[in-house]
1. Among the residues of the stretch 19-78, which ones are modelled with pLDDT of 90 or more and of a type in the set (Ser, Thr, Tyr)?
2. Can you spot a residue in the stretch 27-35 that is closer than 20 Å to VAL12 by Cα, of a type outside the set (D, E, K, R), within 14 Å of the chain's Cα centre (by Cα) and surrounded by fewer than 15 Cβ atoms within 10 Å (Cβ to Cβ)?
Amino acid sequence: MLSNDQAYAAKVAAGSGLGASAAFRAAAPHASDASAVLYVDVAKALEQAGSLVGGDASVQRNLKPLQSLGVTSTTSGDTVSFTARVTTR
């Protein structure tokens, strides 16, 4: 678990929080069956990044609709499959 908020990371790592998030479930709907999951709350990351995305209004306008990114991997025998989803608000 990697987070910019230590308390939230501890809460999620303890098994509460992330699975109840509608944004997480939309981005990684089969997380419970996956062997690995990557999830980024893009909306929250952009909110936290603030001015790092630049002052260009067109960049901010293009990024605003993004909600989250989910990447899962599953293994079946000797086959590994990856699924990536980008969700919008």
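The values are calculated or read from the model by the stated rules, or taken from the named source; none is laboratory data. Keep in mind the model is a prediction, meaning the values are calculated, not measured. In this analysis, Cβ positions are derived from the backbone assuming ideal geometry, glycine residues included, and neighbour counts consider all displayed protein chains.
1. Once the filter is applied, which keeps residues that are modelled with pLDDT of 90 or more and of a type in the set (Ser, Thr, Tyr), the stretch 19-78 yields TYR39, SER68, THR72, SER73, THR74, THR75, SER76.
2. There is at least one residue in the stretch 27-35 that is closer than 20 Å to VAL12 by Cα, of a type outside the set (D, E, K, R), within 14 Å of the chain's Cα centre (by Cα) and surrounded by fewer than 15 Cβ atoms within 10 Å (Cβ to Cβ).
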